[in-house]
Amino acid sequence: MAQPTIASNPFTPRSGQEPKVFLGRERELETFKKHLEHTKVNRYDHFVVVGGWGTGKTTLLKEFRKSAHAQRVLTSFVSVHEFKPGELLAPVIQLLTHIPRNLPIKFDRMKRFSKYLQGVGVTLPVIGGGLEIGEKKRFDGDPQELLLEGLVQLWRELKAETDAVVVFLDDVQQYEAIPEVLGVLKNVLSDDDILKKTGYLFVLAATEEGWSNFLRKNHPIGRYFVPILKIYPLLKENTLRIVDETLKGTGVIFTHEVCEAVYEYTEGHPFQMQILCSYLYENQMKGIVGRDQLDSALSQTLDELSPIILDP
């Protein structure tokens, strides 16, 4: 008898990888679509997505981005990195450089904005490396004014291309060392020059713990970036549907007992589910994953997750 043809592993057990199947976040998608429509008529509802580790915040932002692009709305995805305490200018520069850099258009179509950056001491390498502050002409003014004027100047370059610009800021808990940057962002987005002359929608994502820390330090931020869109683990129905849809066409099936166990052990946690299912898939025997493979995959999953979850 011919052996079944088995496709490559369809599960995505690495942080940052987009799952093959996206389900169970319809409420969140509708919230984003509503706020995007408000932005197009100059009603701004900047908001924040919060959730635990591995619950799919980044994946959700990327789905928001797809939704915006389907409406021919420009977006920019900025992953916040760690900053040293007191370096307020550094995250402002990151925003002003990474927002245009990550737009789905060529940077050479924003020549006036590029000249503006150069005029305030921010230079653009010709190839690669991103943007940075030039050593010979370093900006020494107010970071808030720099961000305000920079966003206004960028909008002037983009307004003929789009009805709005959505900026996704992922991992904003990385601002922990300089939480005042969120206050600067709030002040800039509240300014009349932004409200009346631009069309930005900022969508932030943070860990639940990280955002709570900001709220304790700076209550006005909590009143500004609303709603707080909290995402939870997936319901059982959606968890099982994701497993089923991901396996379609692969030549591999999980028995009913295994599928039930996937939800029982992960409780719908998206990242843990992808890791467990990935090991289950790798352990398949002649295209079948049953009880024997489940025991082995659980052991492998615990080995991988324990340094991440249990030790801390």
- Note on the structure: Carbon and sulfur atoms account, in whole percent of the 1.4 Å probe accessible area of the chain, for 50
- In Å, what is the Rg of the alpha-carbon atoms in region 177-232, and how long is Dmax? 12.2, 37
- Calculate how steeply helix 26-40 sits against the longest principal axis of the alpha-carbon atoms of the chain, using the helix alpha-carbon long axis, and give the answer as 0 to 90 degrees to the nearest 10. 20
- Query: So if R0 is 30 Å, what FRET efficiency would His38 and Ile308 give, r being the distance between their Cβ atoms, rounded to the nearest 0.05?
  - Reply: 0.20
- Query: Using alpha carbons only, how many degrees (0 to 90, rounded to 10) separate the axis of helix 57-70 from the longest principal axis of the chain?
  - Reply: 70
- Query: Expressed in nm to one decimal, what extension gain is obtained for the pair Glu82 and Leu298 from 0.36 nm per residue of sequence separation less their Cα-Cα distance?
  - Reply: 74.4 nm
- Those aspartates and glutamates that a straight Cα-Cα span of less than 17 Å connects to Lys33, excepting residues fewer than 8 apart in one chain: Asp45, Glu63, Asp163
- Return the label of the correct value of Cα Rg over 2.2 N^0.38 Å, as calculated from the structure shown, out of (1) 0.98; (2) 1.15; (3) 1.24. (2)
- Task: Using only Cα positions of region 158-197, each an equal point scatterer, no hydration layer, compute I(q)/I(0) via Debye at q = 0.15, 0.23, 0.24 Å⁻¹ and quote the log10 values to two decimals.
- Result: -0.50, -0.90, -0.92
- Message: Using 0.36 nm times the number of residues separating Lys66 and Lys196, minus their current alpha carbon distance, what extension gain do you get?
- Response: 44.1 nm
- Where only alpha carbons of region 1-40 are counted, the Rg and the Dmax (Å): 18.1, 61
- Rounded to the nearest 0.05, what FRET efficiency do Asp108 and Val226 give with R0 = 30 Å and r taken as the Cβ-Cβ distance? Could you check? 0.20
- Message: Suppose only helical runs count, i.e. DSSP H with n ≥ 4. What mean residue ellipticity at 222 nm does that imply for the chain under -39500 (n - 2.57) per run, divided by all residues and rounded to the nearest 500 deg cm²/dmol?
- Response: -15000 deg cm²/dmol
- Task: Would you mind classifying region 36-78 by shape? Square roots of the alpha carbon gyration tensor eigenvalues, ordered a ≥ b ≥ c; an a/c under 1.5 is rounded, otherwise it is prolate if a/b is larger than b/c and oblate if not.
- Result: oblate
- Message: How much accessible area per residue does the chain have, counting only protein heavy atoms and a probe of 1.4 Å, in square angstrom?
- Response: 50
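The values are calculated or read from the model by the stated rules, or taken from the named source; none is laboratory data. What you see is a predicted model; the values in this text were computed from it and never measured. Counting neighbours? That spans all protein chains shown, and the Cβs are built from the backbone with ideal geometry, glycine included. Side chains are part of the model used for accessible areas, which takes the heavy atoms of the whole protein and leaves out ligands, DNA and RNA. Shrake-Rupley method; radii C 1.70, N 1.55, O 1.52, S 1.80 Å.
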